[in-house]
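Below you'll find the structure, written out as structure tokens, and then a few comments.
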Amino acid sequence: MSTDPLTKDDGVQNIQLLEDEFLLVIPKEIHDKIRPKSISDLNEFLEKTPYVRAGKTTMDYFQTERLLRTLNFQKFDSIEIDSCLAMAIVVAEGNGWAILPTFSLLQASYFLPQLSFLSFKGKNAERRFYISYEDTVFEPTAENISSSLKTYLHEKVIPMVRELKPGLEKFIKA
């Protein structure tokens, strides 16, 4: 299972398992103070507050950098952290903002009440998970794994996300 479809590798086949959105993550107290209707309402906050970014060796780093370029975000002071949990903690404590994929926020479930999220609304801000296999002999096994995992996501994970932070589940599609 990977977020990289391994398209550079000859013969690799993929079954898409799920898709989750990257979200702009800010401290809840800032959201309550500014009450943004869109990301552009946060420009002053984003410019004055450090951007907590994923480590340069992660796939999330490349995807969020592409997203920032697409949105014409200017350069920000930044803090690089290799853990989504640590990134969420820094934001929850009011020391920055981040772009995190929805599914990764589950690592920070304890801190979800201190966080608010804004969608990039169709700005190609999704991350996809794939079941990858190389030989067609593995296709039935990959399909069984995909089917079982999708059932688990719908029956267990998505309801858990809804319970942890109502509304967050709409950013996960399985």
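Bear in mind these aren't lab numbers, they're just calculated from the coordinates by the rules spelled out. Everything numeric in this text was worked out from a predicted model, so none of it was measured. Every residue, glycine among them, receives a Cβ derived from its backbone with ideal geometry; neighbour counts consider all protein chains shown.
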Using DSSP to define loop residues, name the trypsin sites (Lys or Arg not before Pro) in the stretch 64-153 whose beta-carbon has at most 16 other beta-carbon atoms within 10 Å. Lys75, Lys121, Lys123
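List, in the order given, every pair from Lys8/Lys48; Lys8/Lys150; Lys8/Lys37; Lys48/Lys150; Lys8/Lys56 whose Cα-Cα distance in the structure shown is over 32 Å.
Correct reply: Lys8/Lys48; Lys8/Lys37; Lys48/Lys150.
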7 Å from Cα along Cα→Cβ at both Thr70 and Asp41: what's the point-to-point distance in nm? 2.3
Reviewing (1) 0.94; (2) 1.21; (3) 1.00, the figure for Rg/Rh (Cα atoms, Kirkwood Rh) actually calculated from this model sits under (3)
Helix-only estimate, please: 222 nm mean residue ellipticity of the chain, summing -39500 (n - 2.57) across DSSP H runs of length 4 or more and dividing by its residues, to the nearest 500. -9000 deg cm²/dmol
Antiparallel as a % of all DSSP beta bridges within the stretch 19-172, to the nearest 5? 70
Using Cα pairs closer than 8 Å and at least 6 residues apart in sequence, work out the relative contact order for the stretch 19-116, in percent. 45
The summed charge of the Ile158 Cβ neighbourhood (under 13 Å; Lys/Arg +1, Asp/Glu -1) stands at +1
Measure nothing but the geometry: give the 0 to 90° angle between the long axis through the Cα atoms of 59-70 and the longest principal axis through the Cα atoms of the chain, rounded to 10°. 60
With contacts defined as alpha carbon pairs under 8 Å and 6 or more residues apart, what's the relative contact order of the stretch 92-174 in percent? 33
Quick one: compute the contact order of the chain, relative version, from alpha carbon pairs under 8 angstrom and 6+ residues apart, as a percent. 40
To the nearest 10 degrees, how steeply does helix 139-152 sit against the main Cα axis of the chain, on a 0 to 90 scale? 40
State the extension gain, in nm to one decimal, for the chain segment bounded by Lys121 and Thr58, taking 0.36 nm per residue of separation less the distance between their alpha-carbons. 20.4 nm
Over 20 Å, how big is the tail of the calculated P(r) for the stretch 79-174, in percent of all Cα pairs? 48
